[in-house]
Every structure is written in structure tokens, then in C-alpha cells.
Amino acid sequence: MNAQASSPIISIAGVWKFFGSLTALRDINLDIQQGERVVIIGPSGSGKSTMLRSINSLETIDRGRIVVDGKDLHDPANNINVIRQELGMVFQSFNLFPHKTVLENLTLAPIKLRGLSKAEAEDRARGLLAKVGLSSKTGAYPAMLSGGQQQRVAIARALAMQPKIMLFDEPTSALDPEMIGEVLDVMVTLAKEGMTMVVVTHEMSFAREVSDRVVFMDHGEILEVAPPETLFSTAKHPRLQQFLKQIL
């Protein structure tokens, strides 16, 4: 575990979210420290992605408070678009611009939002593409890439903004099994470099290897939070015991 900062980089306090009569999030409380890797697991429909998306206001909450890097997301004095620049987000679907090359996908936001020159942005992009093993693909369009390659480009694109936090929403769930490893390898490298990461995933081996803490959710609630060696070997909550029995 990294040395913990004095105040969390993400603080979620008393958060509720409703979709009509459905309670999607039920009194969620979770603090995440800078440099910490937190993996969120649970059955489909448990609220994992809703919680993750609420951290950058892709989902608005109905009650409670979320503070990111000292800024309350719901304080009208704070510009959510500025806060989002510190939050890299990687989705299930790759969300690349199909009409732009890989290099253009990586340079667009740093030029427009960070004020980089084209040369600076391209230099940064080439470095990140080397990091994810795709140096030869700068001129390719997304349709020319495999799913695993597209997801690695999506990770590099998020990193091009030099965010303080990376959010991953089931980044391997849309991939063929043989492509999952290449994306997880990039994420493991990021974790080893000390990036603050919040990851929703079904990849339990990744959770075991990389996370500082694992959060188990069901029916919109956090039922258990523990380091992976504790959570996977001595699960306390009966629902978590049942879940692990089914998937391990």
C-alpha cells in the first residue's frame, strides 16, 4: 500500500441514486487515497458502474456528497469540466473517434483543453503509444485495430491528459478472451507506477494482483471492503461468500 495522504483524493459520503423507483446507490461511503488502487466487484446490476460514473458526474446523485481532489462535484462554484480533466475514464466500449487516426485521437484533448502545441501533444502521444505497445499504429484508424488494440489506445488517450485519477468501467468486458491479457498488462503497469485507479471489473486475478482494496457491492450497497488477500480468503458477508463461490 502506498503511504496514505492526509486527505483522500476521492471522498464519497452518504450517496444515494434513484432511477425512478429503483434505488441504484444506497448510502455509499468510500474514501480513496492518492496512489491507491481500488477494485469494485459484484454481480451485474449491483451499482458498480453507477458509482464509478458518479465520480465524474456522468451520473448525477440524488443525495450525499462526492469530493474529488478537494473539490465538491456538486458545488456550483466548481466547474465540472475542469474537474473531469483530472479524471481519465476508460469505458467498456472504446469510444474512439472513428474518423480520426490513433495519433489524432490522442492529441485532440491535450491541444484543446490543456493548451499543448501540436508538436508537444504528438510527442506525448507517441510516448504513450510506445508505453501501450502500439508505436506502429499512429496513422491507423480505429476500425483497422483489434478490440484489444482499440482499448489500449483508449487508455493511452485518457493518459494523454495526464490525469490524477484513472477510472475503468469494465474495460475488458467487450473483448475476446485472448485480448483481455494485453489490456490488463497495461493496467498492471499503470498500477505499479503509482497511478490512483478505481476499476470496475470481473477479472478477479487482476483484483488479487493489483488492488490495495476490493469493494464488494450488491443491490446498490457496499457490503464489504478489504484488502484482496483478506476479502478472497476470509469473506465475511454471506452474499460475498455466495458470489465468490460462483465465480472462483
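The values are calculated or read from the model by the stated rules, or taken from the named source; none is laboratory data. Just so we're clear, the structure is a prediction, and the values are computed from it rather than from any experiment. Here the Cβ positions follow ideal geometry from the backbone for every residue, glycine too, while neighbour counts run over all protein chains shown. In case anyone asks, the SASA skips ligands and DNA or RNA and just uses the protein heavy atoms, side chains included. Shrake-Rupley method; radii C 1.70, N 1.55, O 1.52, S 1.80 Å.
When each of L108, L134, L116 is tested for being modelled with pLDDT of 95 or more and within 24 Å of T189 (Cα to Cα), the lone residue that passes is L134. Taken together, L190, L159, L129 contain a single residue that is surrounded by 20 or more Cβ atoms within 10 Å (Cβ to Cβ), in contact with a strand residue (DSSP E or B) (Cβ under 7 Å, 6 or more places away or on another chain) and more than 26 Å from G42 (Cβ to Cβ), which is L159. Take the conditions polar (S, T, N, Q), under 30 Å from L30 (Cα atoms), surrounded by fewer than 20 Cβ atoms within 10 Å (Cβ to Cβ) and in contact with a helix residue (DSSP H, G or I) (Cβ under 8 Å, 6 or more places away or on another chain) and apply them to N79. Does it pass? Considered against the rule, which asks whether it is polar (S, T, N, Q), under 30 Å from L30 (Cα atoms), surrounded by fewer than 20 Cβ atoms within 10 Å (Cβ to Cβ) and in contact with a helix residue (DSSP H, G or I) (Cβ under 8 Å, 6 or more places away or on another chain), N79 comes out as no. Going through segment 61-71 one residue at a time, which ones are surrounded by fewer than 18 Cβ atoms within 10 Å (Cβ to Cβ) and under 16 Å from L87 (Cα atoms)? If the condition is that a residue be surrounded by fewer than 18 Cβ atoms within 10 Å (Cβ to Cβ) and under 16 Å from L87 (Cα atoms), then D69, G70, K71 are the ones that fit. Within segment 1-53, the set of residues being loosely packed, with under 14 Cβ neighbours inside 10 Å, under 23 Å from E170 (Cβ atoms) and among the hydrophobic types (A, V, I, L, M, F, W, C) comprises F19, L22.
Considering only segment 39-60, I want to know if a residue exists there that is under 30 Å from K245 (Cβ atoms), among the hydroxyl-bearing types (S, T, Y) and assigned to a loop (DSSP other than H, G, I, E, B). Yes, segment 39-60 contains at least one residue that is under 30 Å from K245 (Cβ atoms), among the hydroxyl-bearing types (S, T, Y) and assigned to a loop (DSSP other than H, G, I, E, B). Among the conditions (1) part of a helix (DSSP H, G or I); (2) touching a residue at least 24 places away in the same chain (Cβ under 8 Å); (3) open to solvent by less than 20 Å² (accessible area, probe 1.4 Å); (4) of a type outside the set (K, R), the only one that V215 does not satisfy is (1). For beta carbons closer than 6 Å, sequence separation of 6+ or different chains, a first residue in segment 68-86 that is within 13 Å of L167 (Cα to Cα) and a second that is charged (D, E, K, R) and open to solvent by 50 Å² or more (accessible area, probe 1.4 Å), the qualifying pairs are E86/D69; E86/K164.
Pairing each residue of segment 134-156 that is closer than 17 Å to D176 by Cβ and assigned to a helix (DSSP H, G or I) with any residue that is open to solvent by 10 Å² or more (accessible area, probe 1.4 Å) and acidic (D, E), provided the two are 6+ apart or on different chains, yields C-beta distances under 6 Å for G148/E182. Residues that are in contact (Cβ under 8 Å) with a residue 24 or more places away in the chain and open to solvent by 40 Å² or more (accessible area, probe 1.4 Å) within segment 95-126 comprise N95, F97, P98, H99, K100, L113, R114, R124, listed in sequence order. Being more than 13 Å from the chain's Cα centre (by Cα), modelled with pLDDT of 95 or more and either at positive phi or not in a loop (DSSP other than H, G, I, E, B) (or both) is the requirement here; does V198 meet it? No; evaluated as a whole, the condition is false for this residue. Restricting attention to segment 159-169, the residues that are out of contact with any Asp or Glu (no Cβ under 8 Å at 6 or more places or on another chain) and either at pLDDT below 95 or not in a loop (DSSP other than H, G, I, E, B) (or both) total 5.
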